[in-house]
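Trainee: Provided herewith is a single structure, encoded as structure tokens, for subsequent inquiry.
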There are 2 protein chains.
Amino acid sequence: MSEAIIPPLGVVPGIRLGTTMAGIRKAARPDLVVIQCESGTTAAAAFTQSHFAAAPVLVAKAHLARAEPRALVINTGFANAATGEGGQQDAYACCMALARELGCGPEEILPFSTGVIGERLPVAALVAGLPSAIASATEDGWLQAAHGIMTTDTVAKASAARLVLDDKLVRLVGIAKGSGMIHPNMATMLAFIGTDLSAPRTVLKAALDEAIRSTFNAISVDGDTSTNDAVIALATGKSGVRIDRSDGPVFARFVAVLETLCAELAHAIVRDGEGATKFVRVDVSGGRSHHECQVVANTIAQSPLVKTALFASDPNWGRILMAVGRSPIALDDPNRVTVTLNGLRVFTNGAVDPAYREEQGQKALAASDIVIGVDLGQGLEKATVFTCDLSYDYVRINGSYRT
Amino acid sequence: MSEAIIPPLGVVPGIRLGTTMAGIRKAARPDLVVIQCESGTTAAAAFTQSHFAAAPVLVAKAHLARAEPRALVINTGFANAATGEGGQQDAYACCMALARELGCGPEEILPFSTGVIGERLPVAALVAGLPSAIASATEDGWLQAAHGIMTTDTVAKASAARLVLDDKLVRLVGIAKGSGMIHPNMATMLAFIGTDLSAPRTVLKAALDEAIRSTFNAISVDGDTSTNDAVIALATGKSGVRIDRSDGPVFARFVAVLETLCAELAHAIVRDGEGATKFVRVDVSGGRSHHECQVVANTIAQSPLVKTALFASDPNWGRILMAVGRSPIALDDPNRVTVTLNGLRVFTNGAVDPAYREEQGQKALAASDIVIGVDLGQGLEKATVFTCDLSYDYVRINGSYRT
């Protein structure tokens, strides 16, 4: 289940991307990407919450704390996670090497890795590939870079958006990778977003945090979280449009467009989910808080029984109810809960809806895009989570011995 | 993966069990069990925490609050869950009918159901089967009853134990059903335990709560929880041995035996887990609290990526680390975490153990019984959870459209 058609991405003035085959793990496939941004660019990032954040995550965080970046270096093949002190030295060595090539400080380089956990990064191969990656750099290199960061992804994931602010055009382009919260060993979701807006880091960070809440933080393939997850936004300022505060209508308009772009990338990850045959939106409403609704939506999205029923196109609403029933929230009155499938009401007043017919449910579930709706009947808040089904292929992909 | 050999169960004086084919959902299979206990029996129970507790659970709780039971009535085929007010009337009607047959009050009957969620219980068929179940009642009927409560279980689950207290023999027999926290639609884990000990309900309840903590509450097939889960202990007093307080060495000895019996039943459920090919013990130690260790153990046990790696006999310790990494606990120093597979140390000091060889890991994982060990390195507490792997058969069993 994938969507391979990507519209023209255009460019983000001030950002150039180069992709090369460095033979880091496998020969003859793009595996090294260098993203360069011009001086004056600000950056904001969100990283994995894992206790075992990978070495490049630790180094990128430290570098971000000291400087704005001039370049990002991204490798596939090895995650450089669970590699101890030596792994951090490896990540730093890559930054040093790229800094020398570009004539900047190592703290102006942010490293990202994705691939096998627990094995050391072949630094020499990566460093040897840097001149080629730099030589191929072009403003038009987003789609090649989207391919260059893929591991077991079956399609490249990219999206672009534009908006007019202060009568000037502002551009956004984003690329992402990921097709399980973590791969067989190909760990990670990564996303890189560029814009020619000008914004202080605090404002860019506020915009990114708001945009990822309902997008990258609202998707679940298998509930597992990688050691390397990262989302980065770079703002070059080349559009001449500046946003100085993290409130007001201009900020809100930018956030709305950034959120749409993140949503496209996030949904592409779910559609490319390991073994996925269905794209499922779980809408939970009627909660006392957004958090409460999110907890219920995630419980449904992570239930193996709900996910296998979706795979079978089986309108087995009892399993949705079971998942709501085991959600760790306070539920005042279970009889006020309603459940819908693609808008069709199946459960109400503590029992199956009298008007519901099994054939209707079967028809609803036959679609490849499915909406599960749950109203908790105890408040006005809501939350949405996107997920996919659990198929034989998920077991095959993740149950194959590593080769 | 199952163990079909059950040793002779013996009897529990004061308890008689009758099993019959009532044709409740399917013809020609045992589907109705009546367990009678003599006057003077005390009972203790633990029920599902689901917000959508099934009608029989609600009725059983209400009846337990008013009286000690004289009989239990258990049907398969229909869970009588998510059936609204009508479902509760159905459960009560079954209690009324059995009370009339036995000449006791309806509040002295506890109902239990397991099977399809959301469909009404065929009360007439159940009631029509009661005389036959009663007529077949015998003290020796435990094994037949174990068969009578099965739904998609592939083996009957039963266990017996004896101990000597005050120079007198005390007997325990237990039966259970379940092979997923909830079945395709065959919801539920149920367990019924009898003993001829004499104990006030408060003492019996204290013993049961202690025994289920490390047994029925420490198993996970898929992390899903049913609407009908229940564990009941009946104490007839016929042994002449009385325990009056929930502390002291006599109580402790009884709890230890009860815990062993519950462990055998609980492990039998995991071994019969849907599609299970491995029996996996997850030992988490070095935590600041039992709860903290349990949270980590459950995160590992519920990780689809860990479970598919186990199915593949793949010593993919990166996934175990990933699961520890996403566990919602405070982890002071990830570098103090160690991971072992069947006692073999694979991860230490933030990286793969220098002495570890992949072949050793493969050999460890080739076994059908596997122990995953994690030491958090920040305390003295520990917890154990039992689980199984995630196989094609899990998807097949749960992804087959209901028929």
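The values are calculated or read from the model by the stated rules, or taken from the named source; none is laboratory data. Note that the structure is predicted; figures quoted are calculated from it, not measured. In this analysis, Cβ positions are derived from the backbone assuming ideal geometry, glycine residues included, and neighbour counts consider all displayed protein chains. Ligands, DNA and RNA are stripped out before the accessible areas are found, and what is left, the full protein with its side chains, is counted by its heavy atoms. Shrake-Rupley method; radii C 1.70, N 1.55, O 1.52, S 1.80 Å.
Trainee: Can you tell me which residue within the stretch A:339-349, out of those that are within 23 Å of A:Val270 (Cβ to Cβ) and part of a strand (DSSP E or B), is nearest to the other protein chains (Cβ to nearest Cβ)? Give the steps one after another, and end with the answer.
Mentor: Restricting attention to the stretch A:339-349, the residues satisfying the condition of being within 23 Å of A:Val270 (Cβ to Cβ) are A:339-344.
So of that shortlist, the ones also part of a strand (DSSP E or B) come out as A:339-341, A:344.
Working: A:Val339: 9, A:Thr340: 15, A:Leu341: 13, A:Leu344: 15 Å.
Checked the stretch A:339-349; the qualifying residue nearest to the other protein chains (Cβ to nearest Cβ) is A:Val339.
Trainee: Something else: Report, by residue number, each residue of the stretch A:1-55 that is open to solvent by 30 Å² or more (accessible area, probe 1.4 Å), among the aliphatic types (A, V, I, L, M) and modelled with pLDDT of 95 or more.
Mentor: Within the stretch A:1-55, A:Val11, A:Met21 meet the criteria.
Trainee: Output the residues belonging to the stretch A:301-316 that are farther than 25 Å from A:Ala176 by Cβ and crowded, with 24+ Cβ neighbours inside 10 Å.
Mentor: We begin by selecting, within the stretch A:301-316, every residue farther than 25 Å from A:Ala176 by Cβ; these are A:303-306, A:308-309, A:312-316.
Those that are farther than 25 Å from A:Ala176 by Cβ and crowded, with 24+ Cβ neighbours inside 10 Å: A:Ser303, A:Pro304, A:Leu305, A:Val306, A:Thr308, A:Ala309, A:Pro315, A:Asn316.
Trainee: For the stretch B:58-85, name all the residues that are free of Cβ contacts under 8 Å to residues at least 24 places away in the same chain and within 14 Å of another protein chain (Cβ to nearest Cβ).
Mentor: Scanning the stretch B:58-85 gives B:Gly84, B:Glu85.
Trainee: Then there's this: Give me the residue from the stretch A:358-371 that is open to solvent by 20 Å² or more (accessible area, probe 1.4 Å) and within 12 Å of chain B (Cβ to nearest Cβ) and, out of that set, nearest to the chain's Cα centre (by Cα). Before you say what the answer is, go through the steps one by one.
Mentor: Going residue by residue through the stretch A:358-371, those that are open to solvent by 20 Å² or more (accessible area, probe 1.4 Å) are A:358-360, A:362-363, A:366-369, A:371.
If we keep only those that are within 12 Å of chain B (Cβ to nearest Cβ) as well, we get A:358, A:362, A:366.
Details: A:Glu358: 36, A:Gln362: 31, A:Ala366: 27 Å.
The selected residue is A:Ala366.
Trainee: Here is a follow-up. Given the structure, is B:Ile232 crowded, with 22+ Cβ neighbours inside 10 Å, outside any helix (DSSP H, G or I) and on the phi < 0 side of the Ramachandran plot?
Mentor: Numbers: crowded, with 22+ Cβ neighbours inside 10 Å: yes; outside any helix (DSSP H, G or I): yes; on the phi < 0 side of the Ramachandran plot: yes.
The answer is yes for B:Ile232.
Trainee: Farther than 30 Å from A:Leu305 by Cβ and either at the interface with chain A (Cβ under 10 Å from one of its Cβ atoms) or touching a helix residue (DSSP H, G or I) at 6+ places or on another chain (Cβ under 6 Å) (or both), is that true of B:Asp332? First the steps, then the outcome.
Mentor: Values: farther than 30 Å from A:Leu305 by Cβ: yes; either at the interface with chain A (Cβ under 10 Å from one of its Cβ atoms) or touching a helix residue (DSSP H, G or I) at 6+ places or on another chain (Cβ under 6 Å) (or both): yes.
When the stated conditions are applied, B:Asp332 passes them.
Trainee: Ok, one more. Taking A:His267 as the residue in question, decide whether it is under 26 Å from A:Lys363 (Cβ atoms), assigned to a helix (DSSP H, G or I) and not basic (Lys, Arg). If you could, list the steps in order and put the result at the bottom.
Mentor: Numbers: under 26 Å from A:Lys363 (Cβ atoms): yes; assigned to a helix (DSSP H, G or I): yes; not basic (Lys, Arg): yes.
So A:His267 fits the description; yes.
Trainee: Okay, next question. From the list A:Ile109, A:Ile117, which one is within 14 Å of chain B (Cβ to nearest Cβ) and either within 26 Å of A:Ala65 (Cα to Cα) or surrounded by fewer than 20 Cβ atoms within 10 Å (Cβ to Cβ) (or both)? Before you say what the answer is, go through the steps one by one.
Mentor: On the way: A:Ile109 fails: within 14 Å of chain B (Cβ to nearest Cβ).
Testing whether each residue is within 14 Å of chain B (Cβ to nearest Cβ) and either within 26 Å of A:Ala65 (Cα to Cα) or surrounded by fewer than 20 Cβ atoms within 10 Å (Cβ to Cβ) (or both) leaves just A:Ile117.
Trainee: Has the stretch B:372-386 got any residue that is part of a helix (DSSP H, G or I) and surrounded by fewer than 17 Cβ atoms within 10 Å (Cβ to Cβ)?
Mentor: no
Trainee: Can you pull out every residue in the stretch B:284-300 that is open to solvent by less than 10 Å² (accessible area, probe 1.4 Å) and within 12 Å of another protein chain (Cβ to nearest Cβ)?
Mentor: Of the stretch B:284-300, the ones open to solvent by less than 10 Å² (accessible area, probe 1.4 Å) are B:284, B:286-287, B:293, B:296-297, B:300.
B:Val296, B:Ile300 - these are the residues of the stretch B:284-300 that are open to solvent by less than 10 Å² (accessible area, probe 1.4 Å) and within 12 Å of another protein chain (Cβ to nearest Cβ).
Trainee: Listed residues B:Phe347, B:Phe251; which is surrounded by fewer than 23 Cβ atoms within 10 Å (Cβ to Cβ) and on the phi < 0 side of the Ramachandran plot?
Mentor: Values: B:Phe347 fails: surrounded by fewer than 23 Cβ atoms within 10 Å (Cβ to Cβ).
None of the other options fit; the residue is B:Phe251.
Trainee: Since B:Pro354 meets every condition but one in (1) open to solvent by 10 Å² or more (accessible area, probe 1.4 Å); (2) within 21 Å of B:Lys278 (Cβ to Cβ); (3) of a type outside the set (D, E, K, R), which condition does it not meet?
Mentor: B:Pro354 satisfies all of (1) open to solvent by 10 Å² or more (accessible area, probe 1.4 Å); (2) within 21 Å of B:Lys278 (Cβ to Cβ); (3) of a type outside the set (D, E, K, R) except (2).
Trainee: Sticking with this one: Could you tell me whether A:Asp314 is charged (D, E, K, R), at the interface with chain B (Cβ under 7 Å from one of its Cβ atoms) and either under 29 Å from the mean Cα position of the chain (by Cα) or assigned to a loop (DSSP other than H, G, I, E, B) (or both)?
Mentor: Against the criterion (charged (D, E, K, R), at the interface with chain B (Cβ under 7 Å from one of its Cβ atoms) and either under 29 Å from the mean Cα position of the chain (by Cα) or assigned to a loop (DSSP other than H, G, I, E, B) (or both)), A:Asp314 qualifies.
Trainee: Only one of B:Arg326, B:Arg396 is surrounded by fewer than 20 Cβ atoms within 10 Å (Cβ to Cβ) and either facing chain A (nearest Cβ under 7 Å) or touching a helix residue (DSSP H, G or I) at 6+ places or on another chain (Cβ under 8 Å) (or both); which?
Mentor: The match here is B:Arg396.
Trainee: Hey, among B:Ala268, B:Ala199, B:Ala207, B:Ala256, which residue is open to solvent by 10 Å² or more (accessible area, probe 1.4 Å), at pLDDT 95 or above and not acidic (Asp, Glu)?
Mentor: Of the residues listed, the single one that is open to solvent by 10 Å² or more (accessible area, probe 1.4 Å), at pLDDT 95 or above and not acidic (Asp, Glu) is B:Ala256.
Trainee: Another question about this same structure. So A:Cys262 fits all but one of (1) assigned to a helix (DSSP H, G or I); (2) more than 14 Å from chain B (Cβ to nearest Cβ); (3) surrounded by fewer than 19 Cβ atoms within 10 Å (Cβ to Cβ); what number is the exception?
Mentor: With respect to (1) assigned to a helix (DSSP H, G or I); (2) more than 14 Å from chain B (Cβ to nearest Cβ); (3) surrounded by fewer than 19 Cβ atoms within 10 Å (Cβ to Cβ), A:Cys262 is out only on (3).
Trainee: Look at A:Gly286 and say whether it is under 21 Å from the mean Cα position of the chain (by Cα) and not in a helix (DSSP H, G or I).
Mentor: On the way: under 21 Å from the mean Cα position of the chain (by Cα): no; not in a helix (DSSP H, G or I): yes.
No.
Trainee: Does A:Gly141 qualify as being more than 14 Å from chain B (Cβ to nearest Cβ), open to solvent by less than 20 Å² (accessible area, probe 1.4 Å), touching a Gly at 6+ places or on another chain (Cβ under 9 Å) and not hydrophobic (A, V, I, L, M, F, W, C)?
Mentor: Against the criterion (more than 14 Å from chain B (Cβ to nearest Cβ), open to solvent by less than 20 Å² (accessible area, probe 1.4 Å), touching a Gly at 6+ places or on another chain (Cβ under 9 Å) and not hydrophobic (A, V, I, L, M, F, W, C)), A:Gly141 qualifies.
Trainee: Please determine whether any residue of the stretch B:328-347 is at pLDDT below 90 and aliphatic (A, V, I, L, M).
Mentor: no
Trainee: Considering only residues that are under 27 Å from A:Gly86 (Cβ atoms) and part of a strand (DSSP E or B), which ones fall in the stretch B:350-371?
Mentor: B:Ala351, B:Val352
Trainee: Same structure again: Identify all residues within the stretch A:100-119 that are farther than 18 Å from A:Lys61 by Cβ and modelled with pLDDT of 95 or more; write none if there are none. Give the derivation first.
Mentor: Step one: of the stretch A:100-119, the residues farther than 18 Å from A:Lys61 by Cβ are A:100-104, A:115-119.
Those that are farther than 18 Å from A:Lys61 by Cβ and modelled with pLDDT of 95 or more: A:Arg100, A:Glu101, A:Leu102, A:Gly103, A:Cys104.
Trainee: Can I ask one more? For the stretch B:58-87, which positions are over 16 Å from B:Ala44 (Cα atoms) and surrounded by fewer than 24 Cβ atoms within 10 Å (Cβ to Cβ)?
Mentor: B:Gly84, B:Glu85, B:Gly86, listed by residue number.
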